[in-house]
Amino acid sequence: MTHVPIYPDGRRLLDGRAVVVTAAAGTGIGYATARRCAEEGARVLLSDHHERRLAEAAERLGEIVGEAPPTIVCDVTDESQVRALVAGAIDALGRIDVMVNNAGLGGDVPLVDMTDDQWNAVLDVTLTGTMRCTRAVLGHMIEQGSGSIVNNASVVGWRAQAGQCHYAAAKAGVMALTRCSAVEAAAAGVRVNAVAPSIAMHPFLAKVSDPELLDSLVDREAFGRAAEPWEVANVIVFLASDLSSYMTGEVVSVSSQHP
């Protein structure tokens with residue numbers, strides 16, 4: 001029988017921290033991260049490019065934690081919107097202590113059939129979008145002398161998977177971006193780390209993905225199941241918190257996948 005994990009209680013790991021989470025609408029890792037941060041005592045701002053789903057996510061989170069968080073619509077492929085997100089979050093929260101760069105775009109197409117547009121779309125959201133958000137918030141964090149940025153990478157940045165050349169390249173780029181920006185920010189007391197999940201199952205992923213592909217990925221997991229989105233969020237909370245104070249430039253695999 002597959003072990004069913006128990007949802008954890010909050011431990012005030014982010015008490016009073018101001019946290020921004022991108023791509024926080026829906027049912028995936030972004031929303032789970034926003035919820036776990038709020039349950040750990042953070043003041044959270046949600047962002048997403050989908051206005052209706054963002055409002056629904058904020059309402060749903062408000063029902064759980066007692067007050068709906070502020071939201072800002074942002075398309076991470078638009079530099080002006082990214083800058084407006086950071087400025088708006090500072091206005092709403094007073095500062096930004098934690099930035100979770102969760103926005104990403106996937107796809108499944110063999111390289112020989114991949115168009116430039118398909119390649120560029122995935123790279124623009126997943127890698128360049130993460131760079132834009134990191135660049136925009138770094139100045140603020142460096143000025144205040146503290147902060148934690150957590151990027152969402154993927155195990156495919158390390159491990160080969162057919163049909164994923166664009167996504168794998170983008171996630172490998174996120175890993176490299178994490179390491180290099182961490183070195184640049186360290187002297188100011190700002191940390192930059194990343195998580196690299198294997199597979200976290202949620203309704204949207206199940207809806208848009210090939211069931212046979214998902215089953216094959218789950219079969220490679222030692223636990224015999226996909227991660228719950230909140231299990232990935234727990235590691236993001238750890239990297240955002242003081243418990244990881246001596247970690248920067250690290251990419252933490254959130255996976256039970258075996259070769």
For the stretch 144-160, state whether one or more residues are without any contact (Cβ under 8 Å) to a residue 24 or more places away in the chain and over 19 Å from Pro69 (Cβ atoms).
yes
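From the set of residues in the stretch 156-172 that are in a helix (DSSP H, G or I) and not small (Gly, Ala, Ser), which is farthest from the chain's Cα centre (by Cα)? Give the steps one after another, and end with the answer.
From the stretch 156-172, those in a helix (DSSP H, G or I) are 156-157, 165-172; that's our starting set.
Within this subset, residues satisfying the condition of being not small (Gly, Ala, Ser) are 156, 165-167, 171.
Working: Val156: 15, Cys165: 20, His166: 18, Tyr167: 15, Lys171: 12 Å.
Out of the qualifying residues, it is Cys165.
Within the group Asp48, Asp97, Asp78, which residue is free of Cβ contacts under 8 Å to residues at least 60 places away in the same chain, acidic (Asp, Glu) and over 20 Å from Pro197 (Cβ atoms)?
Asp78 is the lone residue from the list that is free of Cβ contacts under 8 Å to residues at least 60 places away in the same chain, acidic (Asp, Glu) and over 20 Å from Pro197 (Cβ atoms).
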Is it the case that Val4 is loosely packed, with under 15 Cβ neighbours inside 10 Å and either assigned to a loop (DSSP other than H, G, I, E, B) or among the hydroxyl-bearing types (Ser, Thr, Tyr) (or both)?
yes
Please verify whether the stretch 148-156 includes one or more residues that are in contact with a Lys or Arg (Cβ under 6 Å, 6 or more places away or on another chain), at pLDDT 95 or above, within 25 Å of Asp78 (Cβ to Cβ) and not aliphatic (A, V, I, L, M).
yes
Would you be able to say whether some residue in the stretch 97-107 is farther than 17 Å from Lys171 by Cα and either over 16 Å from the mean Cα position of the chain (by Cα) or among the aliphatic types (A, V, I, L, M) (or both)?
yes
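Considering only the stretch 214-238, how many residues are part of a helix (DSSP H, G or I) and closer than 19 Å to Ile6 by Cβ?
10
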Selected residue (only one of Leu177, Leu205, Leu213 is modelled with pLDDT under 90, in contact with a helix residue (DSSP H, G or I) (Cβ under 8 Å, 6 or more places away or on another chain) and under 23 Å from Trp119 (Cα atoms)):
Leu205
Tell me, which helices (runs of 4 or more DSSP H) wholly within the stretch 26-145 include 1 or more residues that are in contact with a helix residue (DSSP H, G or I) (Cβ under 7 Å, 6 or more places away or on another chain), crowded, with 20+ Cβ neighbours inside 10 Å and of a type in the set (Phe, Trp, Tyr)?
29-39
Which members of the stretch 21-56 meet the condition of being among the β-branched types (Val, Ile, Thr) and over 20 Å from Leu243 (Cβ atoms)?
Thr22, Thr27
Hey, any hits in the stretch 146-155 for a residue that's in a helix (DSSP H, G or I) and closer than 30 Å to Ser216 by Cα?
yes
Among Ala185, Ala162, Ala176, Ala169, the single one that is of a type in the set (A, V, I, L, M) and under 17 Å from Ala121 (Cα atoms) is Ala169
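The values are calculated or read from the model by the stated rules, or taken from the named source; none is laboratory data. Keep in mind that what you see is a predicted model, and the values were worked out from it rather than measured. Note: ideal-geometry Cβ built from the backbone for every residue, glycine included; neighbour counts use all protein chains shown.
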